[in-house]
1. Using alpha carbon centroids, what distance separates region 113-129 and region 144-185, in Å?
2. List the trypsin sites (Lys or Arg not before Pro) in region 62-106 that DSSP assigns to loop (not H, G, I, E or B) and whose Cβ has at most 12 other Cβ atoms within 10 Å. Which are they?
3. Using alpha-carbon pairs under 8 Å, 6+ residues apart, how would you state the relative contact order of region 262-374 in percent?
4. Starting from the amide H of Phe324, placed 1.01 Å from N in the peptide plane, find each other amide H under 5 Å away whose residue is 5 or more places distant or on another chain.
5. Which of the DSSP-defined H helices in the chain satisfy a minimum axial length of 30 Å, computed from C-alpha atoms, and a minimum mean Kyte-Doolittle hydropathy of -0.5?
6. Evaluate the relative contact order of region 308-400 (contact order divided by residue number), counting alpha-carbon pairs under 8 angstrom at least 6 apart; express in whole percent.
7. Quick check on the chain: helices-only [θ] at 222 nm, where DSSP H runs of length 4 and up contribute -39,500 (n - 2.57) each and the sum goes over total residues. Nearest 500, please.
8. If we count GluC sites (Glu not before Pro) as exposed when they sit in a DSSP loop and have at most 12 other beta carbons within 10 Å, what is the longest stretch of the chain that avoids them all?
Amino acid sequence: MGTVEATKTEESAAGSSARRDALSVTDQRTGRVYELPIVNGTVRAMDLRQIKTGPEDFGLMSYDPAFLNTAACTSRITYIDGDQGILRYRGYPIDVLAEKCTYLEVAYLLLYGELPNKAQYAQWVHDITYHTMIHESLKKVMDAFNYDAHPMGMLISTVAAMSTFYPEGHNVHDASVRAKQAHRLIAKMPTVAAFAYKHSMGMPYVYPSNELDYSENFLTMLFKTPAENYKPNPALVRALDVLFILHADHEQNCGTNAMRGIGSAHTDPYSAVAGAAAALYGPLHGGANEEVLRMLLEIGSIARVPAFIEEVKQGKGEKRLMGFGHRVYKNFDPRAKIIKRMATEVFEVTGRNPLLDIALELERIALQDDYFVKRKLYPNVDFYSGLIYEALGIPTAAFTVLFAIPRTSGWLAQWEELLEDPEEKIARPRQVYLGPGERVFVPMERR
Ligand code: CMC
């Protein structure tokens with residue numbers, strides 16, 4: 001790579017038809033031609049820096065607010081083809097994993113790159129199961145929240161507080177220390193989430209039980225009371241486990257980008273997961289599942305669906321059809337397809353949620369409407385998930401918490417990959433400064 005004169009590039013282009021993985025760029029300011037290598041369908045932004053008008057010039061940068069076309073890392077974890085509607089974890093199609101695996105098997109796959117054999121799985125389940133308890137002092141931290149605290153706010157703060165309970169987690173360069181913190185985080189997220197729910201209900205916390213598997217244990221901590229026994233319906237346990245699989249990772253989304261950004265400063269994983277969960281909290285991200293339910297309730301009846309669609313279209317981006325659209329998928333979100341199918345199975349147990357009919361009608365009209373068709377807006381993972389959470393008896397405010405629990409394994413897999421990446425450095429984007437040049441200070445009495 002390097003600068004070559006224009007004539008030389010033209011000669012070689014004419015003289016040889018051999019394909020070169022390179023991009024030729026002509027800087028019209030100077031007439032110079034540069035050849036930038038193309039590797040894995042990308043050019044390196046740093047290769048632009050050599051493009052200068054003179055020795056004083058800083059060099060060209062790429063400008064990409066919101067990372068619309070910038071790969072910030074290489075990864076071997078999750079593959080998405082947004083046009084085809086394909087999602088794979090470590091090469092396995094999401095629908096196969098959803099059909100054949102448990103969430104913990106998938107969490108292992110994400111973290112270690114391979115599906116576990118029997119012995120590995122037994123050890124893994126043991127390691128997770130025996131880290132589900134939380135410190136009693138952490139419980140007191142949770143007690144201090146107001147009765148109406150949002151469960152996501154509680155989850156984010158409590159996970160951040162966990163970094164003070166496990167100070168060895170700061171040693172992010174030791175792989176065995178990292179593995180231990182991963183066990184703790186994956187194990188304790190459901191406990192913290194369930195305690196947040198119980199706190200909001202003014203009910204006593206239900207401690208985890210080592211006899212129960214991951215999702216059954218979570219439902220039990222949510223819905224058991226000291227007054228009576230509780231045994232969740234196995235079909236609902238399985239539905240929750242599948243939802244956990246579908247939400248476990250989704251490559252470089254907003255929350256995962258936050259995880260990698262914070263992790264790149266070598267911050268401990270509890271603080272980094274808290275930051276990633278904070279990003280997930282937003283209504284354009286994981287918070288959308290909560291917003292979908294509010295939207296369906298606002299619409300209220302099938303008859304009002306066309307008027308609502310019209311409001312969205314007239315709103316020109318101000319009012320959105322929540323649970324629709326995706327930065328990457330310009331086709332059906334494959335997770336939404338699985339969740340839609342699963343909703344029918346869940347409703348066989350719980351009874352049909354009347355909001356489903358409103359959702360189906362919204363989907364039907366939107367998929368035919370030019371506004372949505374032109375913009376390639378399809379239902380995403382959040383469109384139907386809230387309906388299932390509601391059928392499971394989970395309050396709307398806790399929906400995003402149910403996203404954060406399984407996404408923890410994805411965040412940790414991405415964090416692990418980041419720390420093992422030889423190209424890893426602290427994330428530090430550039431900016432294009434458009435503010436004033438140097439100004440003369442004016443004392444307050446003269447302003
Ligand atoms: N309803 C109506 N119009 C929409 C929607 C929507 N849900 N989503 C995008 N648009 C329009 C948008 O107004 C814009 O129109 P125009 O070209 O006329 O300006 C066009 O489609 C492109 O939108 P964008 O904002 O540039 O797209 P983006 O890739 O930046 O945003 C998104 C992706 C998911 C934030 C967005 O589609 C959205 O806000 N959806 C609703 C919230 C939602 O369901 N979020 C969950 C995402 S999936 C779970 C997760 O990964 O967190």
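1. So the separation of the two Cα centres works out to 22 Å.
2. Arg76
3. Once normalised by length, the contact order is 26 percent.
4. So Phe324 has HN proximity to Asn380.
5. 175-201, 399-420
6. Relative contact order of region 308-400: 41 percent.
7. -16000 deg cm²/dmol
8. 212-317
The numbers here are math on the coordinates, done by the rules we state, and not lab data. Only a predicted model underlies this, so the values are computations on that prediction, with no experimental measurement involved. We place every Cβ from the backbone using ideal geometry, glycine too, and count neighbours over all the protein chains shown.
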